[in-house]
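Working notes, structure below.
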Amino acid sequence: MAQGKALILCFGLSMAVFVSPLAFAGAGFSGGDTFESIDLVADITISCQEGVQRDFRSITCVENILNPGEYTYFVGPDGVTGDQVEVRATWEDGSIHEKSGSYNNQKGRTDKPFNLWISTLLQRPLLDMGKNDITWVMKGDGELVAAGNFSVQVNDGGQRACPRGYYTSSRLNDCRFPSDTCWRHFRAYNYCE
């Protein structure tokens, strides 16, 4: 954006804010503005015995992670005091994803990190592959105190393969639902680095 132009941010239907584009430089994510999406792959074998019952499973574990992390804090601009932050990510496909959180002035960041990547029934990610345009507003006692924007790039980091793993368990559920064993394997091999 060229210097001297006004930045217009709209969150919800009730607020339009005019902010100088350089007024609040320095805000962003604690994890940085470039991330990598990496697919982890490993073959594991699990042997389970609970009492007299036995089970055996040989599977390929596959998991996608975001490097340097799936969660990150929003770090606010220096010298600005607020208690709430709202962030909006616009993906390359035009879809919009929003998150908000309380802001800790002493730490200069949100109280809790935002979920950038994990998608479950109860969680939605803020980022997607490619360029993510982020706009943010900070409020104090319900009043706007700062606003700005930045971009975050998520690149394809390829695939990492971990060595084969062999596990024994005293719980049959570890063979029936091996996802915990997959995660334990990935952690044990430092996420296949």
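The values are calculated or read from the model by the stated rules, or taken from the named source; none is laboratory data. Keep in mind it's a predicted model, so treat the numbers as computed, not measured. All Cβ positions, glycine included, derive from the backbone under ideal geometry; neighbour counts span all protein chains shown. Ligands, DNA and RNA are excluded from the accessible area calculation, which covers all protein heavy atoms including side chains. Shrake-Rupley method; radii C 1.70, N 1.55, O 1.52, S 1.80 Å.
Name the residues in segment 92-112 that are in a loop (DSSP other than H, G, I, E, B), open to solvent by 50 Å² or more (accessible area, probe 1.4 Å) and either polar (S, T, N, Q) or closer than 18 Å to Ala27 by Cβ (or both), would you?
The answer is Asn105, Gln106, Lys107, Asp111, Lys112.
Any residue at all in segment 87-102 that's in contact (Cβ under 8 Å) with a residue 24 or more places away in the chain, among the polar types (S, T, N, Q) and in contact with a Lys or Arg (Cβ under 8 Å, 6 or more places away or on another chain)?
no
Mind telling me which of the residues Ile65, Ile118 ends up being open to solvent by less than 60 Å² (accessible area, probe 1.4 Å), of a type in the set (Val, Ile, Thr) and either in a loop (DSSP other than H, G, I, E, B) or free of Cβ contacts under 8 Å to residues at least 24 places away in the same chain (or both)?
Ile118
Identify, please: which residue in segment 149-162 is farther than 15 Å from Val62 by Cβ and not hydroxyl-bearing (Ser, Thr, Tyr) and is, among those, most open to solvent (accessible area, probe 1.4 Å)?
Once the filter is applied, the top-ranked residue is Asp156.
So which residues in segment 57-72 are over 30 Å from Gly108 (Cα atoms) and among the charged types (D, E, K, R), if there are any at all?
Of everything in segment 57-72, those that are over 30 Å from Gly108 (Cα atoms) and among the charged types (D, E, K, R) turn out to be Arg57, Glu63.
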